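Following: one structure in structure tokens, then a few remarks.
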Amino acid sequence: MTGGAGPTVDRAMATTLIEELTDIVVHAGAAILAIDRRAMTMDGKSDGSPVTAADLAADRVIADGLARLLPDVPVLSEERAPPAAPARTSSFFLIDPLDGTKEFIAGRDEFTVNLALVTDGVPLLGIIGAPALGLIWRGLVGGGAERLEIREGAVSAATPIRTRRAPERGRIIAVSRSHADNRTEAFIADWPDAVRQVAGSALKFCRVAEGAADVYPRLAPTREWDVAAGHAVVTAAGGKVVTSSGAELRFDGRGEDFLVPEFLAWGDPAAVRRP
């Protein structure tokens, strides 16, 4: 995490920043699309996950943009995560410059740029850009969520989005294209009439937020930067993101390896149940 203790960014301040933060995400997405996937450099991290020139290019754009916009607010990025827990801070940015690197390497378009602003352990603002799809989802908790289109590097007018009320039958479950685990499969099996909606990266959060899916279960460990932006977007759209016991998630950039042990993103808070 870069930066010092940093100021507290509240909802009012976040409201004034959302357009500039969205612009940073747009430029990060453009940096990814400028990389030739067939000729790009690629390496492996200590955990075995891949990192490409596109991950690093997007990370540089975001780091430079945030340093200009809010130099006193610390930043925790997947590509620059420190080996030890940083000092606690009231507000900080959680970044995944390229979520869905495996999708990107495979030539698919289901990868995203994830930017979240966390205050007092809770994602307050989230922006998820899908540059290859020309779309952005963003949400400010307490201020609503919306979807935007990207055309020739410019953002179009926003369309408000909301989660939907869960149907009695045929619920749509957003599932990962690249990650599967036994607990999540068991959760899905409890709903024999459920419809699977397969997607990569943080797009699964977006499907829940816009009412195209009812729940996104991930009952296996992931990282804070994979979850925070989607958490804010789903919450802002009227949904709820909790653990399997119904407990709230906390984000402080201090957990071991920045792990989120599990979560369920529900579109309809009234439908929350334990697996």
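Picking from 118, 73, 113, which residue would you name as being farther than 28 Å from residue 210 by Cα, in the same structural domain as residue 144 (by TED's automatic domain parsing) and touching a Leu at 6+ places or on another chain (Cβ under 9 Å)? Reasoning before the result, please.
On the way: 118 fails: farther than 28 Å from residue 210 by Cα; 113 fails: farther than 28 Å from residue 210 by Cα.
After ruling out the rest, the residue left standing is 73.
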Inset, instruction - Mind listing whichever residues of the stretch 124-172 are under 23 Å from residue 227 (Cα atoms) and basic (Lys, Arg)? - result: 138, 147, 162, 164, 165, 171
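Taking the conditions exactly as written (under 29 Å from residue 194 (Cα atoms), in contact with a Pro (Cβ under 9 Å, 6 or more places away or on another chain), at pLDDT 95 or above and not in a loop (DSSP other than H, G, I, E, B)), does residue 116 satisfy them or not? Show your work before the answer.
Working: under 29 Å from residue 194 (Cα atoms): no; in contact with a Pro (Cβ under 9 Å, 6 or more places away or on another chain): yes; at pLDDT 95 or above: yes; not in a loop (DSSP other than H, G, I, E, B): yes.
Taking the combined requirement at face value, the residue does not satisfy it.
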Legend entry - Residue within the stretch 184-201 that is in a loop (DSSP other than H, G, I, E, B), within 24 Å of residue 222 (Cα to Cα), polar (S, T, N, Q) and under 16 Å from the mean Cα position of the chain (by Cα) present: yes
Inset, instruction - Name the one entry in 252, 226, 257 that is assigned to a helix (DSSP H, G or I) and surrounded by fewer than 21 Cβ atoms within 10 Å (Cβ to Cβ). - result: 257
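Being part of a helix (DSSP H, G or I) and either without any contact (Cβ under 8 Å) to a residue 60 or more places away in the chain or within 24 Å of residue 179 (Cα to Cα) (or both) is the requirement here; does residue 110 meet it?
No: the conditions fail for residue 110.
Residue-wise test of (1) in contact with a Leu (Cβ under 7 Å, 6 or more places away or on another chain); (2) touching a residue at least 40 places away in the same chain (Cβ under 8 Å).
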site: 221; (1), (2): yes, yes
site: 240; (1), (2): no, no
site: 247; (1), (2): no, no
site: 265; (1), (2): no, yes
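Table: residues versus (1) loosely packed, with under 15 Cβ neighbours inside 10 Å; (2) within 19 Å of residue 64 (Cα to Cα).
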| position | (1), (2) |
| --- | --- |
| 89 | no, no |
| 103 | no, no |
| 114 | no, yes |
| 126 | no, yes |
| 132 | no, no |
| 138 | no, no |
| 141 | no, no |
| 152 | yes, no |
Legend entry - Among (1) farther than 23 Å from residue 119 by Cα; (2) assigned to a helix (DSSP H, G or I); (3) of a type outside the set (Phe, Trp, Tyr); (4) in contact with a helix residue (DSSP H, G or I) (Cβ under 7 Å, 6 or more places away or on another chain), the one test that residue 207 misses: (4)
Legend entry - Of residues in the stretch 166-183 being more than 21 Å from residue 211 (Cβ to Cβ) and not in a loop (DSSP other than H, G, I, E, B), the one modelled with the highest pLDDT: 183
Inset, instruction - Scan the stretch 120-165 for residues that are modelled with pLDDT of 95 or more and in a strand (DSSP E or B) and report the count. - result: 24
Legend entry - When residues of the stretch 64-82 are limited to those that are farther than 12 Å from residue 93 by Cβ and at pLDDT 95 or above, the one farthest from the chain's Cα centre (by Cα): 68
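The values are calculated or read from the model by the stated rules, or taken from the named source; none is laboratory data. From a predicted model like this one, the values you see are computed outputs, not experimental measurements. Methodologically, a virtual Cβ is constructed for each residue, glycine included, from the backbone with ideal geometry; neighbour enumeration extends over all protein chains shown.
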